[in-house]
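The values are calculated or read from the model by the stated rules, or taken from the named source; none is laboratory data. In this text the structure is predicted, and so the values were computed from the model without any measurement. Heads up, the Cβs are rebuilt from the backbone with ideal geometry, glycines too, and the neighbour counts pull from every protein chain shown. To get the accessible areas, we keep the full protein, side chains included, count just its heavy atoms, and leave off ligands, DNA and RNA. Shrake-Rupley method; radii C 1.70, N 1.55, O 1.52, S 1.80 Å.
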Amino acid sequence: MRTCVFFHAHPDDEALLTAGLMARLAADGNRVVLVVATAGELGRTGLRTRALGPVRLRELEESARILGCARVVALGYADSGLDGCAPGGFASRPVEEAAERLARVLVEEKADLLTVYDERGGYGHPDHVQVHRVGVAAARIAGTEIVLEATVDRDRLWRWLRPLAALFPLDGWRQAYTPGSRISHRVDVRRFAAAKRAAMAAHASQGTGGPRLLAVLCRLPGPLFRLALGTEYYVRR
């Protein structure tokens, strides 16, 4: 049995990027640990609540249960907001301080594997960039040898997005995530598509408040969902 730690910025990030691998590893008898930096309390939602953080953490627990996680850890940093500029947010915290906290989890768990994001933070959100920096530093402190950067095949993504470029400003997405030539692991998770969809649906607060990617993806027909989300992409550092 191996212990695999998945480090994310906000609740629901795990469902979108790594849920298939998490479910696959858990089903194979490995210990899967989910760590989030923030509660995502500044996220957009249609819920009438002034305390979104606790709601999102409860949703995270349900997602983790669906995926077979053995443990969920919330590091308790403040969300940096939709633009990543909220004062005191995770993105502005000292990297070494946060890395020490994550490293303690890695040491406690005797982690064999840690996932972070690529150096761009995927699409560039400052909290996601910080996950990369903190995770890489924590792995060095803890001596965790295998570090995988969860990402998306930029070339494949752009083939999907190109038809929309005439209607929406998508130039920034040309540099998002990772070129296909750099991806080291393409993981087939189609067998766990139902668990991945259920984990995404567990984050109900993030399917409200206007057109939301999570809600759109959850409504895809099964074959299209597996086509779009049945492969997960990683770069081994």
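Is there a residue in the stretch 33-42 that is touching a helix residue (DSSP H, G or I) at 6+ places or on another chain (Cβ under 7 Å), open to solvent by less than 10 Å² (accessible area, probe 1.4 Å), assigned to a loop (DSSP other than H, G, I, E, B) and in contact (Cβ under 8 Å) with a residue 24 or more places away in the chain? I'd like the intermediate steps shown before the answer.
Applying the first criterion (touching a helix residue (DSSP H, G or I) at 6+ places or on another chain (Cβ under 7 Å)) to the stretch 33-42 yields 33-41.
Those still in the list that are open to solvent by less than 10 Å² (accessible area, probe 1.4 Å) too: 33-38, 40.
Keeping just the survivors that are assigned to a loop (DSSP other than H, G, I, E, B) gives 40.
Still in the running and in contact (Cβ under 8 Å) with a residue 24 or more places away in the chain: 40.
The answer is yes; a qualifying residue exists.
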Verdict on D12 being surrounded by 20 or more Cβ atoms within 10 Å (Cβ to Cβ), closer than 19 Å to A150 by Cα, charged (D, E, K, R) and in contact with a helix residue (DSSP H, G or I) (Cβ under 8 Å, 6 or more places away or on another chain): yes
Cβ-Cβ under 8 Å pairs, at least 6 apart or on other chains, the stretch 116-135 side more than 20 Å from H185 (Cβ to Cβ) and free of Cβ contacts under 8 Å to residues at least 12 places away in the same chain, far side of a type in the set (F, W, Y) and assigned to a strand (DSSP E or B): none
Boolean, L161 is open to solvent by 30 Å² or more (accessible area, probe 1.4 Å) and either over 20 Å from G40 (Cα atoms) or part of a strand (DSSP E or B) (or both): yes
Looking only at the stretch 55-113, and only at residues there that are over 17 Å from the mean Cα position of the chain (by Cα), within 23 Å of Y123 (Cα to Cα) and without any contact (Cβ under 8 Å) to a residue 40 or more places away in the chain, the one that is least open to solvent (accessible area, probe 1.4 Å): G88
